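**Q** Got a structure here, written out as structure tokens. Questions coming.
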Amino acid sequence: MRRWLGPLLALALCTAAAHVLTLYLTPGVIMNRAMDALAQRGVALHRFTTPERVTPQTQSIVRSSPDLYYALCRYDLSKLGTVLDLRMGAWPDYQSLAFFDGQTDNFATLRGTGKAVSVRLLPPGSAAQPGAIVSPTTKGVILIRRLAPDAARFAAAGEAGKADLCRLREA
Amino acid sequence: MRRLSAYLAAIVAGCALGLGSALWMAGLWPAGRSLAFGDVDVDGWRSDFAIGSKTADPYTRARVARHGLLALAKTEAVYLTRALDDAGEPLREACAYRLSGGTMPAGWWSVTLYDSASMLPANTDGALSIDASRAGAGRWEAVIAARRPERAAHWVSSRGAGTFDLTLRLYMPNAALLTDPNGTLDAPRIARLSCEGAS
């Protein structure tokens, strides 16, 4: 019996380690794959997309809502001394500017119903500044949502989106 | 040699067990498992209010990364999902249902149908959801069916969905909903009307 003790211990340790490692790595792996998929679908770095209305034929993210206008911007703050300038144009109904890091966490959301919103995104480790948000990871996604449950309002949201900005610059 | 083989087998089996158990407990494997998870259950509508935040447990984080990527934190939006009708049977394309509800404790709401892969069903019916702007104030009803019903104010198409679930989005939720969801939310009901092939 004692000769099985070592292998059994190795089995238990490997099971626990693989379990924890899988859970730890899964969000980052899924986010990386999603970022790659978004890039392949034309979501550029440091520029908001001009979105199509979400339909079964155009959907690219799981559980997207067909009632919302989604504009995406991928960011990469790994180059030293760079910051991201962001602006969400005015929209008379619900809209929000949401920030997701490389681990899928929604680390900030700014609501802008009826008004425009401007903010800067700083790289990880930056000191807090007024009018700025510090990203927990160098890469991530920024998402504007606008309530637009029909074709006419979606078209109007697209017009409002012309005032959106996602631009990398030297600090 | 036998001892070495035993250790190697233990390591390989342990890695497989750890990987499989993590994916299973997070609801990621096998594909198509129910989204029944979370710390909130209002009449079968389930959610985890830690979605989108660092406080979510690792199982929720992994599951949401797969099934609810880019979901907002609860102060901005709450997402509840239900995969069973009022009788406890899985929602499926072969059946028709009456979805009904009332005023929601949020600035805006919608109910959207998703297939087992968490995607909108592959149809061109243009009837994927019902939301506050279409439902109007007060009580509302919609029929969920694979074909447009003859008499119904609102229709949500399940054509091409197979076994499906519904996601209730509550944007700009009332503070009371976050602290007491069961006492605050009058959750929509899902009554099965008929099923194809049923006598």
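The values are calculated or read from the model by the stated rules, or taken from the named source; none is laboratory data. Keep in mind that what you see is a predicted model, and the values were worked out from it rather than measured. So basically every Cβ, Gly included, is an ideal-geometry build from the backbone, and we count neighbours across all protein chains shown.
**Q** Looking at B:118, B:129, B:133, which is the one that is within 11 Å of chain A (Cβ to nearest Cβ) and either in contact with a helix residue (DSSP H, G or I) (Cβ under 7 Å, 6 or more places away or on another chain) or of a type in the set (Asp, Glu) (or both)?
**A** Working: B:129 fails: either in contact with a helix residue (DSSP H, G or I) (Cβ under 7 Å, 6 or more places away or on another chain) or of a type in the set (Asp, Glu) (or both); B:133 fails: either in contact with a helix residue (DSSP H, G or I) (Cβ under 7 Å, 6 or more places away or on another chain) or of a type in the set (Asp, Glu) (or both).
Result of the check over B:118, B:129, B:133: B:118.
**Q** Being of a type outside the set (Gly, Ala, Ser) and within 14 Å of the chain's Cα centre (by Cα): is that true of residue A:145 here? Step through it out loud before you land on a result.
**A** Working: of a type outside the set (Gly, Ala, Ser): yes; within 14 Å of the chain's Cα centre (by Cα): yes.
So residue A:145 fits the description; yes.
**Q** OK, next. Please determine whether any residue of the stretch B:159-171 is farther than 24 Å from residue B:77 by Cα, at pLDDT 95 or above and crowded, with 22+ Cβ neighbours inside 10 Å. I'd like the intermediate steps shown before the answer.
**A** Initially, the stretch B:159-171 is screened for residues farther than 24 Å from residue B:77 by Cα, giving B:159-163.
Within this subset, residues satisfying the condition of being at pLDDT 95 or above are B:159-163.
Checking the rest, the ones that are also crowded, with 22+ Cβ neighbours inside 10 Å come to B:161.
The answer is yes, given that some residue of the stretch B:159-171 is farther than 24 Å from residue B:77 by Cα, at pLDDT 95 or above and crowded, with 22+ Cβ neighbours inside 10 Å.
**Q** Out of the residues in the stretch A:7-52 that are polar (S, T, N, Q) and assigned to a helix (DSSP H, G or I), state the one that is nearest to residue A:82 (Cα to Cα).
**A** A:32
**Q** Given the criteria touching a Leu at 6+ places or on another chain (Cβ under 8 Å) and either aliphatic (A, V, I, L, M) or not in a helix (DSSP H, G or I) (or both), does residue A:55 qualify? Write out each step before concluding.
**A** Values: touching a Leu at 6+ places or on another chain (Cβ under 8 Å): yes; either aliphatic (A, V, I, L, M) or not in a helix (DSSP H, G or I) (or both): yes.
For residue A:55, the condition - touching a Leu at 6+ places or on another chain (Cβ under 8 Å) and either aliphatic (A, V, I, L, M) or not in a helix (DSSP H, G or I) (or both) - is met.
**Q** Another question, then. Got at least one residue in the stretch A:146-161 being in a strand (DSSP E or B) and within 14 Å of chain B (Cβ to nearest Cβ)? Before the answer, list the steps.
**A** Step one: filter the stretch A:146-161 for residues in a strand (DSSP E or B), giving A:146-147.
Those still in the list that are within 14 Å of chain B (Cβ to nearest Cβ) too: A:146-147.
Yes; the residues of the stretch A:146-161 include at least one that is in a strand (DSSP E or B) and within 14 Å of chain B (Cβ to nearest Cβ).
**Q** Anything in the stretch B:41-55 that is at pLDDT 90 or above and of a type in the set (Phe, Trp, Tyr)? List them, or say none.
**A** Within the stretch B:41-55, B:45 is the sole residue that qualifies.
**Q** Search the stretch A:90-99 for residues being touching a Leu at 6+ places or on another chain (Cβ under 6 Å) and hydrophobic (A, V, I, L, M, F, W, C), and hand back the single one that is surrounded by the most Cβ atoms within 10 Å (Cβ to Cβ).
**A** First pass over the stretch A:90-99, keeping only residues touching a Leu at 6+ places or on another chain (Cβ under 6 Å): A:93-94, A:97-98.
From the residues that got through so far, the ones that are hydrophobic (A, V, I, L, M, F, W, C) too are A:97-98.
Working: A:97: 24, A:98: 22.
The selected residue is A:97.
**Q** Same structure again: Filter the stretch A:6-44 for residues that are at the interface with another protein chain (Cβ under 8 Å from one of its Cβ atoms) and among the charged types (D, E, K, R) and give the result.
**A** none
**Q** Checking the condition closer than 30 Å to residue B:57 by Cα, modelled with pLDDT under 90, of a type in the set (Gly, Ala, Ser) and assigned to a loop (DSSP other than H, G, I, E, B), which residue from A:60, A:64 passes?
**A** On the way: A:64 fails: modelled with pLDDT under 90.
Only one candidate qualifies: A:60.
**Q** Looking at the stretch B:70-80, which of its residues are facing chain A (nearest Cβ under 9 Å) and more than 12 Å from the chain's Cα centre (by Cα)?
**A** Of all residues in the stretch B:70-80, those facing chain A (nearest Cβ under 9 Å) come to B:70-73, B:75-77, B:79.
Hits for the stretch B:70-80 are B:70, B:71, B:72, B:73, B:75, B:76, B:77.
**Q** If we keep just the residues of the stretch B:64-87 that are within 30 Å of residue A:113 (Cβ to Cβ) and among the charged types (D, E, K, R), which is modelled with the highest pLDDT?
**A** Kept after step one, since they are within 30 Å of residue A:113 (Cβ to Cβ), are these residues of the stretch B:64-87: B:64-65, B:67-82.
Subsequent filtering for residues that are among the charged types (D, E, K, R) retains B:74, B:76, B:82.
Working: B:74: 88, B:76: 93, B:82: 96.
So the residue we want is B:82.
**Q** Within the stretch A:45-60, is there a residue that is within 14 Å of another protein chain (Cβ to nearest Cβ) and either more than 30 Å from residue B:156 (Cα to Cα) or aromatic (Phe, Trp, Tyr) (or both)? So that I can check it myself, show each step before the final result.
**A** As a first pass, look at the stretch A:45-60 and keep what is within 14 Å of another protein chain (Cβ to nearest Cβ): A:49, A:51-60.
Now restrict to residues that are either more than 30 Å from residue B:156 (Cα to Cα) or aromatic (Phe, Trp, Tyr) (or both): none.
Among the residues of the stretch A:45-60, not one is within 14 Å of another protein chain (Cβ to nearest Cβ) and either more than 30 Å from residue B:156 (Cα to Cα) or aromatic (Phe, Trp, Tyr) (or both), which makes the answer no.
**Q** Would you check if residue A:114 is surrounded by fewer than 22 Cβ atoms within 10 Å (Cβ to Cβ), more than 17 Å from residue A:44 (Cβ to Cβ), in contact (Cβ under 8 Å) with a residue 40 or more places away in the chain and more than 10 Å from chain B (Cβ to nearest Cβ)?
**A** no
**Q** Here's a follow-up. Just one of the numbered conditions (1) of a type outside the set (Phe, Trp, Tyr); (2) modelled with pLDDT under 90; (3) surrounded by 15 or more Cβ atoms within 10 Å (Cβ to Cβ); (4) within 20 Å of residue B:23 (Cα to Cα) is not true of residue A:15; which one?
**A** (2)
**Q** Would you kindly identify the helices (runs of 4 or more DSSP H) lying entirely within the stretch B:81-199 that contain at least 2 residues that are within 23 Å of residue A:53 (Cα to Cα) and over 15 Å from the mean Cα position of the chain (by Cα)?
**A** Values: elements: B:132-135, B:175-179, B:181-184.
Here the list reads B:132-135.
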